[in-house]
1. Check B:Gly149, B:Gly119, B:Gly128 and return the single one that is out of contact with any Lys or Arg (no Cβ under 8 Å at 6 or more places or on another chain) and away from every other protein chain (no Cβ under 14 Å).
2. Here are the criteria: (1) out of contact with any Gly (no Cβ under 6 Å at 6 or more places or on another chain); (2) away from chain B (no Cβ under 13 Å). Tell me which single one A:Ala232 does not satisfy.
3. Go through the stretch B:337-364 and report how many residues are surrounded by 14 or more Cβ atoms within 10 Å (Cβ to Cβ) and part of a helix (DSSP H, G or I).
4. Only one of B:Gly119, B:Gly179 is touching a residue at least 60 places away in the same chain (Cβ under 8 Å) and surrounded by fewer than 18 Cβ atoms within 10 Å (Cβ to Cβ); which?
5. Restricting the stretch A:180-229 to residues that are within 20 Å of A:Gly165 (Cβ to Cβ) and in a loop (DSSP other than H, G, I, E, B), which is farthest from the other protein chains (Cβ to nearest Cβ)?
6. Residue by residue through the stretch A:134-143, note down the ones that are in a helix (DSSP H, G or I) and either modelled with pLDDT under 95 or touching a Gly at 6+ places or on another chain (Cβ under 8 Å) (or both).
7. Yes or no: the stretch B:103-113 includes at least one residue that is under 18 Å from B:Ala79 (Cα atoms), assigned by TED's automatic domain parsing to the domain that holds B:Lys341, among the β-branched types (Val, Ile, Thr) and in a loop (DSSP other than H, G, I, E, B).
8. Would you confirm whether or not the stretch B:348-371 contains a residue that is within 14 Å of another protein chain (Cβ to nearest Cβ), among the basic types (Lys, Arg) and under 30 Å from A:Val226 (Cβ atoms)?
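The values are calculated or read from the model by the stated rules, or taken from the named source; none is laboratory data. Every value quoted in this text rests on a predicted model; they were computed, and no experiment measured them. Note that each Cβ is placed from the backbone with ideal geometry, even for glycine, and that neighbours are counted across all protein chains shown.
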Amino acid sequence: MRRFLALLGALAMVGGAILVRGAIDDASGGGSNDGKKMTLLCAAELETVCDELHDTTGIRIATAPMDGVASNAELADYDGWLTFERNTANSAVAPLLGAASPVLGRSPLVLAVGKERGAVLEQQCGGEITWRCVGDAAGSSWASIGGEVAWGNVKLGHADPSTSGEGLAIIGQAAQQFFGPTKNLSRDDFEQDNFFAWFTQLERAVESDDAAFEHLLTFGAARYDVVATIEALAGPQLAAAARDRRDRVRLLYPDPVATADVVFVPFIDGNDSLFDVVVSDDGRAALAHAGFRVDGEDPIAGVPTAPPLPDSSNLPDGGVLEALLQTWREVTR
Amino acid sequence: MMLRRPIAVTLAAATILGGIVLAEAPASAGSCITVDIASSPEKLVLLTELGERFAKSDEARVDGQCVAIQVQRQSSGAAEALLEADWPKPSKNGPRPVIWSPSASTWAGVLDQRRADAGKDPYVTTPGKSFMLTPLVIAMPEPMAEALGYPDTPLGFEDVLALAQDPAGWAGKGHPEWGPFKFGKTNPHFSTSGLAETVAQYYAATGKTSDLSLEDLARPEVEAYSRAVESAVVHYGDTTLTFLNNLYRSDRRGDPFGYASAVAVEEKSVVDYNRGNPDGILDPGEKPRKPRVPLVAIYPKEGTLFSDNPLMILDAPWVSNKEADAARAFSNFVTEKQNQKRVLKFGFRPGNPAVSIGAPITAANGLDPSQPQTTLEVPSPPVLAGVIDEWDQVRKKARVLLVIDVSGSMGDEADSRTGATKLDLAKRAAVAALDQFQADDEVGLRVFSTDISSDEPTDYLDLVPIGAVSDNRNDLERSIKSLVPTQGTPLYTVTQDSYQRMLDEFDATRINAVVILSDGRNEDDRNNDLQDLLKYLRGRNEGETTTPVRIFPIAYGGDADEGTLQRIAEATNAAAYSAVDPATIINVFNAVVSNF
């Protein structure tokens, strides 16, 4: 029986591969992009996913940071975009986009802290490290909140929200948690004095660094005290780190858990067949291999199954995030 | 330490400034894509070794073509200056690099800022992969660190620099026998540790750990603080190896506290020093001997900066797409786990976090792998450039006697193409070097050759009295240009008399030094006793409370007596420089003047 099931599975995989290859061949032979391979535009943070898709399916890929997409005059050359769901509100691109796919993969937003400093912060936060409390401590001297003088000031790192969907999600989570998880945020909220002051203190203590977590592992707590990132990046890197470095860092999931959700969005004039390629087993596997949680796929080392994922991303919607980005630009100017 | 090594070190120091040491390319390099790398000196051996391994690996292929790696030595500051000028004259300065690997990413900021100031496009448009790390530390002989509270009390620039400004010196810490506090740091124009220390010093002066601004640099109290710290500096220089070699030599002579109390170096240098290999270079057959008094690393409590040794693929017009692809392949290769284990052997921390920070980064070597606890923010590129400019104003001023050999052999042809003599080239170099002095440095000119003067002493002639460069620059230039070769080389007499002259007129607020350029051996029957000269010099340079006058000799041309000049330099805790090829004299002169 087990052999029979294995055979069935293998046949299904072959069939799936034939379908995907067929979709690619269709695209090369006709449709709106005659004689041209399909091209998938990838958010820069998803480059490894797209590299694997290129290797397994042969589609062409191009990567661009978020602001690069907005200013790219060659969007017509692309058939679809693999990105974070909240990026699709990007006003410069939105008119060119079709309907987004269902969520393909998800990754919780995490805070990475050194164990020793995390314990001090935890105490300062009253038992649980929250964004609100991180923002209150940001830029202060560790000595003033119960830490060592030699630790200097509380330094944070996260990806640049103006170029990275990950960074945008992070400031979105921070803002949402400042106001409380049930608050339905609007643009006006960001003009409130208490939020503006808090957000200014937080983000002025942040170094925009797309490799902040890697740098935390490499340089130790000397470089960053707190790094905000996504589990897909932090979990596997932490698992692969040498024990002496791994043991110094822990990952926290601020409550309620928020997620960066990956979707495929076709360009209106793009080749429809690309959708089949991206949502294929190859596409799902590529996302899982990059550290995302994908239904039906085994997580890679360092990606846990807990905490469970919420039903929705728990992030403000795209338009509100655009407004928050404007506020971020203002406070970090 | 073998006697010939210091010369090797000074050769290295000389080549740092534009000189080239090419790593051997694989035999098949001709048909391959060649990735030229301009590397700071401390990782030349390692990168060359990894380059050879890479060339034999499956990863060394781009579009089916093999890849060869060619590494050239360029100090970070010298490479920055070359890139700023679009890397002119590759035949002289070495091939234009595809990868630039300075000691620290900070140099990329300095480069692109200076290029932007000149209306040029940046060359470093993507951050380089960090190959290996080492933090800047304050290295101190262990008993001196203990006198400040090490290891129980966290120490920092604040403590060390306060001591530097205290007229009582070590007496204030219960050790009058150690004399004044003497600080060793390199010239930030050339050296990464010098740049990092200077940034840290400005942070300490402002009490900040981030957001250093141009306004901060201009504050009078900040300037005063920095000026006071600089006043404790022994001398500067282009490489920390000079300090470490001199410290080691003093230690071996049983005088571990006489030369310097603290030196700003990279952590890796402490490893090398405590292994008994202060310059990090082991000659064949050389057996390192551990110092009597080891150094310990103070990780400044205010924070420090890392040298992150990035491999930066240049966005320069001479870099083709294929070369950039090949460079990326090499960059990936060196950060692989098995290759990263190699960097530990060289005393660096691995850039790949999958590799543990293990031996030799251990307490037994005076180090602490859990340190540093915090870092200083790297200032923005305009502020970095401002730090260097500001340092030029506050650095310890110099009082230097230039002593130039005008013996007959200096008239020998040195450049068959132009017919220029050795003296012609030396004159050009000396005039060019005058530009490196500040207006309030004091410089004089003495020439020597047997019977050059009709009056006693007949072996030398003072052409320009020591005075402020602002006053006598034209006289110096005119006098240098008018030099002509005459007779023999009374090297010992002029060395001793010049030293004595500087000692007689010693100015404690300045770096007091003699620069002697000589192309030959002592040719003076009246004074032919080298041992006597060395005894005289050593007698005035040992012990903790000496008045430090340094002699920086330049061995010029193939007939120069390098061994003797080296011993003269060592006797005064300075460094000898070699310009065996007269064509290198301009770079060598620059290296010498970097000490001031």
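1. On the way: B:Gly149 fails: away from every other protein chain (no Cβ under 14 Å); B:Gly128 fails: away from every other protein chain (no Cβ under 14 Å).
So the residue among B:Gly149, B:Gly119, B:Gly128 that is out of contact with any Lys or Arg (no Cβ under 8 Å at 6 or more places or on another chain) and away from every other protein chain (no Cβ under 14 Å) is B:Gly119.
2. (1)
3. Total satisfying the criteria: 6.
4. Testing whether each residue is touching a residue at least 60 places away in the same chain (Cβ under 8 Å) and surrounded by fewer than 18 Cβ atoms within 10 Å (Cβ to Cβ) leaves just B:Gly179.
5. A:Leu185
6. A:Trp142, A:Ala143
7. Checked the stretch B:103-113: no residue is under 18 Å from B:Ala79 (Cα atoms), assigned by TED's automatic domain parsing to the domain that holds B:Lys341, among the β-branched types (Val, Ile, Thr) and in a loop (DSSP other than H, G, I, E, B).
8. Within the stretch B:348-371 (the criterion being within 14 Å of another protein chain (Cβ to nearest Cβ), among the basic types (Lys, Arg) and under 30 Å from A:Val226 (Cβ atoms)), the answer is yes, since at least one residue qualifies.
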